[in-house]
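The values are calculated or read from the model by the stated rules, or taken from the named source; none is laboratory data. Bear in mind the structure is a predicted one, so any value in this text is a computation, not a measurement. Glycine gets a Cβ as well: all are built from the backbone with ideal geometry, and neighbour counts include every protein chain shown.
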Amino acid sequence: MRLLYVTAALPYGPGEAFVIPELVELGRQGHELRVVPTRARGPIVHDDARVLERLVEQPALLSPAIVWGATIAVAAAPLRTARATRTIFRSRSPRVLAKNAAVVPKALWLGRRLRELGIDHLHAHWGGTSSTLAMLAAEAGGISWSVTLHRWDIAEDNLLPSKISRACFARTISRSGLEEARRRSGGRGERLTVLPMGVTAPPLRETARRAGVQGRLLMAANFVSVKGHRFLLESAALLRRRGVRFRLDLVGEGPLLAETMAGASRLGVGESVSFLGELPHSELLRRLADREWDAVLLSSVETPDGEREGIPVILMESMAAGIPVVASRIGGIPELLEGGAGLLVEQADPQALADAVQLVLDDEDVRAALFENGRRRIEESFSVESVAARLAEHFRRCAAPPAADLSTLDGAQQEGLEPIDRRHEPEA
């Protein structure tokens, strides 16, 4: 199939690394791919995203080519253009309307480009402006489209009911995400389906450094409210007071970075905490595969505006590498850690988090069980190979032309008839 993915910025910028394995695997399985970032944000940060750069179509949000393409689209098919774009006026606030309006020229350009490339199906990641762009482009171009919803984008509710009802299907990455999307869609949930993100399980290997437990801990997450870094630091302070030896590495960037660094000093754990910044995805995966850390932590909380975790890919990647994980019982995390695949603690509970970390560091039997259960959970339910194959099957069903109703024709009339794909017919 010829597939086009709309992303927020991938392959540019530090985000969306978790989408890379899905795209690479779809290509490995024989599908032709194109990628359209809604807007490019900075250079390519992740080494494993460089293979995607040659697939990119127009990274800019606005350019002379996009303006020209949008103008031609309006002149060639004014009725189709009007039908495709009028949805944005249902945006729930002036701010959301402005965000959606900003992607209209690129959507109209992309609608024409889809036909030029012979794209069979368009898929967007995120329920925000990237899926607004995808929805408008697919309807202007007359092809099927779908969307993957993650976590904050469900809570944002950017035309979510319209997108769910007009997409061929809307994928959530967790059961909890499906339930939230169903509530916010006003009962229009028949096109929702659960399909998690997938990861690659690396070959397990022992390293000389892994002779014993070193007390190395990792949390890789942007410094935003939903990640609950302050509760992690409070648990680190508890471990310090108990005399537990550890080193906590924090990977990521974000608006709460300076506040978190100040909090580490205030709580007296500054010497035990390292701020590593944003690591390239390939480097993070290599260090996980080398099992540089004894446990990976995620202290997520639900924010006052209702944002919660989906199924964090960093936990999946850690489990695939055989590293024990400890995480909050929130959002889609319990779905991932079923069957003893990891340790769950209540959100915003530093003592429970400290107790769980200390258990992992002190108890060899617990570590062995988490190693086996976590790795098996990924292999059985979250491998990128099976996820990409299932996703591609959804795409095929969407792109397949509707079968003609031959029930009223006799045998002679039916002979030689082929279904007509009306997706690419010119506007009357």
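What the table shows:
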{"item": "Qualifying positions in region 224-260 - part of a helix (DSSP H, G or I), out of contact with any Ser or Thr (no Cβ under 9 Å at 6 or more places or on another chain) and either of a type in the set (S, T, Y) or more than 28 Å from G332 (Cα to Cα) (or both)", "result": "R241, A258, T260"}
{"item": "Residue in region 402-423 that is modelled with pLDDT of 50 or more, surrounded by 11 or more Cβ atoms within 10 Å (Cβ to Cβ) and either of a type in the set (F, W, Y) or farther than 29 Å from W145 by Cα (or both) present", "result": "no"}
{"item": "Single residue of region 126-148 satisfying the filter (among the small types (G, A, S) and assigned to a loop (DSSP other than H, G, I, E, B)) that is surrounded by the fewest Cβ atoms within 10 Å (Cβ to Cβ)", "result": "G142"}
{"item": "Qualifying residue in region 302-317 (condition: part of a strand (DSSP E or B), outside the structural domain of D48 (by TED's automatic domain parsing) and surrounded by 17 or more Cβ atoms within 10 Å (Cβ to Cβ))", "result": "no"}
{"item": "Residue list for region 331-341, restricted to those being at pLDDT 95 or above and surrounded by 21 or more Cβ atoms within 10 Å (Cβ to Cβ)", "result": "I333, L336, L337, A341"}
{"item": "Options S272, S282: the member that is over 20 Å from L370 (Cβ atoms), buried (at least 17 other Cβ atoms within 10 Å of the Cβ) and out of contact with any Pro (no Cβ under 8 Å at 6 or more places or on another chain)", "result": "S272"}
{"item": "Residue in region 352-364 that is outside any loop (DSSP other than H, G, I, E, B), closer than 23 Å to I173 by Cβ and under 28 Å from the mean Cα position of the chain (by Cα) present", "result": "no"}
{"item": "Per-region count, region 215-268, residues in contact (Cβ under 8 Å) with a residue 40 or more places away in the chain and either acidic (D, E) or in contact with a Cys (Cβ under 8 Å, 6 or more places away or on another chain) (or both)", "result": "3"}
{"item": "Region 61-81 residues that are surrounded by 20 or more Cβ atoms within 10 Å (Cβ to Cβ), paired with ones that are modelled with pLDDT under 90 and among the hydroxyl-bearing types (S, T, Y) (beta carbon under 8 Å, 6 or more apart)", "result": "A73/T81"}
{"item": "Count of residues meeting criterion [under 30 Å from V24 (Cβ atoms) and among the β-branched types (V, I, T)] in region 46-105", "result": "4"}
{"item": "V96 being part of a strand (DSSP E or B) and within 19 Å of T7 (Cα to Cα)", "result": "no"}
{"item": "Any hit, region 27-34, residues being surrounded by 16 or more Cβ atoms within 10 Å (Cβ to Cβ), part of a strand (DSSP E or B), in the same structural domain as W145 (by TED's automatic domain parsing) and within 17 Å of the chain's Cα centre (by Cα)", "result": "no"}
{"item": "Number of positions in region 153-172 that are touching a helix residue (DSSP H, G or I) at 6+ places or on another chain (Cβ under 7 Å), crowded, with 23+ Cβ neighbours inside 10 Å and among the basic types (K, R)", "result": "1"}
{"item": "The lone exception for R39 - which of (1) in a strand (DSSP E or B); (2) under 26 Å from L279 (Cβ atoms) it fails", "result": "(1)"}
{"item": "The listed residue being in contact with a Phe, Trp or Tyr (Cβ under 6 Å, 6 or more places away or on another chain), closer than 17 Å to A137 by Cβ and not charged (D, E, K, R), out of V67, V35, V74", "result": "V35"}
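Residue-by-condition table, conditions (1) at pLDDT below 95; (2) more than 17 Å from L217 (Cα to Cα); (3) surrounded by 17 or more Cβ atoms within 10 Å (Cβ to Cβ):
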position: A352; (1), (2), (3): no, no, yes
position: V357; (1), (2), (3): no, no, yes
position: L361; (1), (2), (3): no, no, yes
position: F371; (1), (2), (3): no, no, yes
position: R377; (1), (2), (3): no, yes, yes
position: F382; (1), (2), (3): no, yes, yes
position: S386; (1), (2), (3): no, yes, no
position: L391; (1), (2), (3): no, yes, yes
position: F395; (1), (2), (3): no, yes, yes
